[in-house]
Amino acid sequence: MYPNKHKQIVTSLMDGRFITIDESYFDILKINQDFYVEFFDKSFGFELKNTQEFYYLISDETKENTSRDISIFFSILCYELDKDGKNFMDELGFSDFHIDEIVEYIKNSTWIDVVKANKQLNDGESIKRLVGSTMVKRNIAIQHSDDKYSFTKAYKLFIDFARELIKSEMNEANS
Amino acid sequence: MFKSEPKSIVQFLATHFDLLRQLFDIQLKNEIILKSQVAETLDEFGRDIESHLFEHKILVEQNDDFVINEPYFVLFEFVLQQFKPLLPEEIDKFGQSIRTLFLNIKEGINQDKNILLDRIEALSNEIKKFRTAVTNNTISLLNESRELKANTRKIEYQEKVQTARYLIDYYIIPLNTILDINHSQSIYNELLAISQFSNNKRFDYSDESIRRQFEKLYNLLRQVVKDISLQSIILSNELLPLLDRIRTESEYLLGFHLYLTNMNCYKGIKPPKIFSTSRDNQYNKYIYENTKEYFEQFKNEEDVFVEEEANDIEQWIFNKNEYKSKLNSKLPVTDFFSWCKNAIENEKKDFDIDNYFMVTSLIFEEEYDIEQDKKREKITLKTKQGEFVIPKLKISKKENVSE
């Protein structure tokens, strides 16, 4: 009656997790996408969103502060990686980062005002918690041994959002 | 003429290569080597070789300063593979001379044999120069683009985007046009036409020496066409995607920049929606994060701007002269404060107490005499803001006061 691993999929999404392409749940969701879209809508009024690489739920009541912290985090990290001569898309997609390395990038960023104004980014411990807890919990980051982290494809939600800002700004300017 | 043996010149180049490279780098950067820079470099590497630099004609004077003699400069560019990218116009000039020579060859094919031979040779030389220019240019553009990609100079992204766009617009796209097989006006297509023509003529020409010259030209072109097509592949497979990548990344970077600038991220721009988790059990693995998130949603970190409500009350301006002339026409007035009340009430029924006091300020004008009521009578003034008990004052024109 219900797709395989139904309970795990529902629990996972309702915990605010992103289900990404490298997980087995992703394929089940993909095959049963229509069912799950309707299931979440009819049962809870939640919207199941998807891209080529991940699924996630959104609700009317949204975690704006958390989302904003994560968006700022990626914007700064990518900006600093680029300044360091690194290809930030490749780095986020395929590299592991030691947490200290991440902290250094954020702490030494030129966006110091933005960092100072943000409680999740303005000191090393908070950054560690944002990555190690908040982002791991939502499956945006994965913790490896030796305090190393990598990012799942869910990071794209937060950087594509920034790219869209420019597109909409350009459209506005053209209209 | 050289005083020195060619071998000793080459030996000198090898022995003092570091010094020469330093001078080369200076010239590459500044286009000229100042006298003082030559002196500094010699101080570092040894003054005793100064005379050789001029004996071997490595350095030549340019006004009071120096430049590396052109043949040496080209040699260093070549051995160091450091070329300044050529503008498409500089490359295109080879195309122009190739086209003209080819046209003259075709038109004069049955005319004087010697000029035909010279033209074929000149055409070969131009083709070789063209190949060198294109190859060097691709190398230098590739180096520049890779450096830009790796951001070795640690430049800010705006400058990076600008440089990438500049390279694309002024160097790479025009170079691509020159080499593009699908572009009818491309030099590459011209070379193919020459190759076909010389292939015919190497068999089909009465004079043997000309046939041989066409044969050489044809062989040269077989190689050149291969080389140029390789450069074109590098351009379209490596260089254009590399710059395209810089362009895509720049869109993201522009986005981050817009998001972070002026603290926009805390103001109008809403982040992407993510799911809000509902009730949790205390033994939930993420109880700490969830609780924190829960409380944070009530915390307003955003700047709050309080806009004062627009004041609907009509501004009233005290026209002193008007009131003064009204008063003058009624003088003497036995009850000044009551007169003020009536006067303002005539103009503005719903007057403010501040307006009233502005009118009463007429009392301080020098031209009036003020007298208190003999009975020291007081009057009461009722306004919506309160009740005022004030003395009854008589006001009259002071005598002998100039207007």
Scan the range B:366-389 residue by residue and report those that are out of contact with any helix residue (DSSP H, G or I) (no Cβ under 7 Å at 6 or more places or on another chain) and within 19 Å of B:ASN328 (Cβ to Cβ).
B:GLU366, B:GLU367, B:TYR368, B:ASP369, B:GLU371
Within the range B:71-85, work out how many residues are modelled with pLDDT under 80 and either within 22 Å of B:SER198 (Cα to Cα) or surrounded by fewer than 19 Cβ atoms within 10 Å (Cβ to Cβ) (or both).
3
Residue list for the range B:253-279, filter: open to solvent by 50 Å² or more (accessible area, probe 1.4 Å) and either in contact with a Gly (Cβ under 9 Å, 6 or more places away or on another chain) or at pLDDT below 70 (or both):
B:SER278, B:ARG279
Exactly one of A:SER71, A:SER133 is open to solvent by less than 20 Å² (accessible area, probe 1.4 Å) and over 22 Å from B:LYS154 (Cβ atoms), and that one is A:SER71
Checked against (1) surrounded by 17 or more Cβ atoms within 10 Å (Cβ to Cβ); (2) more than 13 Å from every other protein chain (Cβ to nearest Cβ), A:GLU38 satisfies every condition except (1)
Members of the range A:136-175 found to be in contact with a Leu (Cβ under 8 Å, 6 or more places away or on another chain), open to solvent by less than 10 Å² (accessible area, probe 1.4 Å) and more than 10 Å from chain B (Cβ to nearest Cβ), listed by number
A:TYR155
Please find, among A:LYS148, A:LYS153, the residue that is of a type in the set (Lys, Arg) and over 9 Å from the mean Cα position of the chain (by Cα).
A:LYS148
The conditions are (1) over 15 Å from A:ARG138 (Cα atoms); (2) more than 10 Å from chain B (Cβ to nearest Cβ), and A:GLY85 fails exactly one of them. Which is it?
(2)
Could you count how many residues in the range B:388-403 are acidic (Asp, Glu) and at pLDDT 80 or above?
0
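The rows are residues; the columns are (1) closer than 29 Å to B:LEU75 by Cα; (2) surrounded by fewer than 16 Cβ atoms within 10 Å (Cβ to Cβ); (3) in contact with a Cys (Cβ under 6 Å, 6 or more places away or on another chain); (4) not charged (D, E, K, R).
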site	(1), (2), (3), (4)
B:TYR170	yes, yes, no, yes
B:LEU191	yes, no, no, yes
B:GLU208	no, yes, no, no
B:ASN219	yes, yes, no, yes
B:GLN223	yes, yes, no, yes
B:ILE233	yes, yes, no, yes
A:GLU61 open to solvent by 20 Å² or more (accessible area, probe 1.4 Å), within 9 Å of chain B (Cβ to nearest Cβ) and either touching a Gly at 6+ places or on another chain (Cβ under 6 Å) or charged (D, E, K, R) (or both)
yes
For the range B:235-252 the number of residues that are open to solvent by 20 Å² or more (accessible area, probe 1.4 Å), over 16 Å from A:PHE88 (Cβ atoms) and in contact (Cβ under 8 Å) with a residue 24 or more places away in the chain is 3
If I go through the range B:1-36 residue by residue, how many of them are open to solvent by 40 Å² or more (accessible area, probe 1.4 Å), assigned to a helix (DSSP H, G or I) and closer than 26 Å to B:LEU86 by Cβ?
7
If I filter the range A:110-126 for residues that are more than 12 Å from chain B (Cβ to nearest Cβ), open to solvent by less than 30 Å² (accessible area, probe 1.4 Å), free of Cβ contacts under 8 Å to residues at least 60 places away in the same chain and not in a strand (DSSP E or B), do I get at least one hit?
yes
Looking at the range B:133-163, which of its residues are within 23 Å of B:LEU179 (Cα to Cα), surrounded by 15 or more Cβ atoms within 10 Å (Cβ to Cβ) and not charged (D, E, K, R)?
B:ALA133, B:VAL134, B:THR135, B:ASN136, B:ASN137, B:THR138, B:ILE139, B:SER140, B:LEU141, B:LEU142, B:SER145, B:THR163
I'm trying to understand the selection: among the residues of the range B:86-111, which are of a type outside the set (A, V, I, L, M), farther than 18 Å from B:ILE178 by Cβ and either open to solvent by 30 Å² or more (accessible area, probe 1.4 Å) or out of contact with any helix residue (DSSP H, G or I) (no Cβ under 8 Å at 6 or more places or on another chain) (or both)?
B:ASN104, B:LYS106, B:GLU107, B:ASN110, B:GLN111
Look at A:ASP15 and say whether it is at the interface with chain B (Cβ under 9 Å from one of its Cβ atoms), touching a residue at least 12 places away in the same chain (Cβ under 8 Å) and within 22 Å of A:PHE151 (Cβ to Cβ).
yes
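The values are calculated or read from the model by the stated rules, or taken from the named source; none is laboratory data. Keep in mind that what you see is a predicted model, and the values were worked out from it rather than measured. Ideal geometry is used to build each Cβ from the backbone, glycine not excepted, and the neighbour counts take in all protein chains shown. Accessible surface areas use protein heavy atoms only, side chains included; no ligands, DNA or RNA. Shrake-Rupley method; radii C 1.70, N 1.55, O 1.52, S 1.80 Å.
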